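The values are calculated or read from the model by the stated rules, or taken from the named source; none is laboratory data. Bear in mind that the values here come from a model prediction, so they are computed numbers and not experimental data. Glycine also receives a Cβ, built like all others from the backbone with ideal geometry; neighbour counts cover every protein chain displayed. These accessible areas exclude ligands, DNA and RNA; they are computed on the full protein's heavy atoms, side chains included. Shrake-Rupley method; radii C 1.70, N 1.55, O 1.52, S 1.80 Å.
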Amino acid sequence: MLVNKKILLCVTGGIAVYKAVALVSKLSQAGADVKVMMTESAQQFVTPLTFQAMSRNDVFYDTFDEKDSRVIAHIDLADWADLVVVAPATANVIGKLANGIADNMVTTTLLATTAKVWIAPAMNVHMYENKAVIRNINTLHADGYQFIEPSEGFLACGYVGKGRLEEPEKIVELIREHFTTQKNLPLVGKKVVITAGPTRERIDPVRYVSNFSSGKMGYAMAEAAAALGAETVLISGPVGLDKPTGMTVIDVESAADMLEAVQAQFADAHIVVKSAAVADYRPKHIHPEKMKKQVGDSVIELERTTDILKTMGDGKTRQILVGFAAETNNAVEYGKDKLARKNLDYIIVNDVTDPDAGFGKDTNVVTLLSKRGTHQHFEAMAKKRISEGII
Ligand code: CTP
């Protein structure tokens, strides 16, 4: 399964470097073409010669040591790889990558590659639980990096806990799975942009207007798209859900922020799904200071936000544009009207009065209408399953 697969293994400095040797050996035996890049600290544990012998390729560690004058090595390797694996990944390299630092050949190449990058951390359990490390890992998750979680057990430092580099056999298995399933996935090479959650429209520094959207449906749609191999961009309003992995997550607050984010992603998107419950109105004036209560009633004047979906519908070229409609009556009729009015290809209509549908629930009941006039009903089931069906 790994024949002709080009894997760039970035080895950074931790005791688990010895396991990276076994990883290279197993990948090479499975037919992969493996090139190894090392940091200076990694070379304190194992010499480049060992990796050279195992991979039967040159080993790279000096950005300025250009072995082939026709190419710039770090850019060439970044472009060459089908998959980049950082194993073991130290807290240091994770921190650098999360902050866009490129101060050696490994970090420079990681910034230059457009291939998928998998990060397999290995460190002391307390380092792994350190707030800064957690913050950096979360940032990288949101940027679309994928992690091979460390396992639990005896650590070289004497501690027992989470921080051991995953076993080479397991990593090879994950890589094998990746290439086997990826090949046949229908959305490989397609960019899917999905919006999710509510928007918040500020009244003053401490208050806002919003709605009860949980983001669950949009997140499920994004996960379904990513699972089918799409390059997925999730544009999310404020929600309380864990950040999904394997995609880019862009956090936004207001309808105006969401419009800007969608516009920035739209031109090269193949499919755009607007699951977000965008506020239709926002306060006309945002008070710069907290509003003090007064005697008697108060009125907040609202103005319309831009209809993002309609704006995209008016400007679309090749994109397949998918909207949502939450209705309480005549759901399908109103849905058809929105489909035409906003120039959509599909609309997913929920009748939010159904006890199995709507905001915050894990299930939904929807009808998928297309501009060609077809419609498909999805009975009450998990939002995840409905999303897989729709995608
Ligand atoms: N939508 C949007 N921008 C807005 C409001 C809504 O992109 N400012 C999108 C939502 O993401 C959703 C679709 O429009 O995909 C349907 O939203 P809805 O508010 O139900 O549509 P409206 O046309 O505003 O319908 P209604 O007249 O029922 O309010």
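Looking only at residues of the stretch 333-356 that are touching a strand residue (DSSP E or B) at 6+ places or on another chain (Cβ under 8 Å) and away from the ligand (no atom under 14 Å from the Cβ), we find that the one that is least open to solvent (accessible area, probe 1.4 Å) is ASP354.
Conditions (1) touching a residue at least 60 places away in the same chain (Cβ under 8 Å); (2) under 15 Å from VAL192 (Cα atoms), marked per residue:
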| residue | (1), (2) |
| --- | --- |
| MET247 | yes, yes |
| ALA277 | yes, no |
| LYS284 | no, no |
| MET312 | no, yes |
| GLY315 | no, no |
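The residue of the stretch 305-324 that is nearest to ALA279 (Cα to Cα), among those that are open to solvent by 60 Å² or more (accessible area, probe 1.4 Å) and near the ligand (Cβ under 8 Å from one of its atoms), is THR306. Of the residues making up the stretch 154-185, those that are open to solvent by 90 Å² or more (accessible area, probe 1.4 Å) and outside any loop (DSSP other than H, G, I, E, B) are PHE154, VAL160, GLU169, LYS170, GLU177, LYS183, ASN184.
The lone criterion from (1) in contact with a strand residue (DSSP E or B) (Cβ under 9 Å, 6 or more places away or on another chain); (2) farther than 23 Å from THR139 by Cα; (3) open to solvent by 10 Å² or more (accessible area, probe 1.4 Å); (4) not in a loop (DSSP other than H, G, I, E, B) left unmet by LEU97 is number (2). For the stretch 206-245, the candidate set comprises residues that are free of Cβ contacts under 8 Å to residues at least 60 places away in the same chain and within 30 Å of LYS292 (Cα to Cα); within that set, the residue that is surrounded by the fewest Cβ atoms within 10 Å (Cβ to Cβ) is GLY240.
Considering only the stretch 1-40, state which residues are open to solvent by 60 Å² or more (accessible area, probe 1.4 Å) and either small (Gly, Ala, Ser) or free of Cβ contacts under 8 Å to residues at least 12 places away in the same chain (or both). Listed by number, the list holds a single entry, GLN29. The condition of being more than 18 Å from ALA264 (Cα to Cα) and in contact with a helix residue (DSSP H, G or I) (Cβ under 6 Å, 6 or more places away or on another chain) holds for only one of ALA331, ALA326, ALA279, that being ALA279.
Scanning the stretch 269-299 for residues that are open to solvent by 80 Å² or more (accessible area, probe 1.4 Å) and away from the ligand (no atom under 16 Å from the Cβ) yields HIS285, ILE286, PRO288, GLU289, LYS290, LYS292, LYS293, GLN294, VAL295, ASP297, SER298, VAL299.
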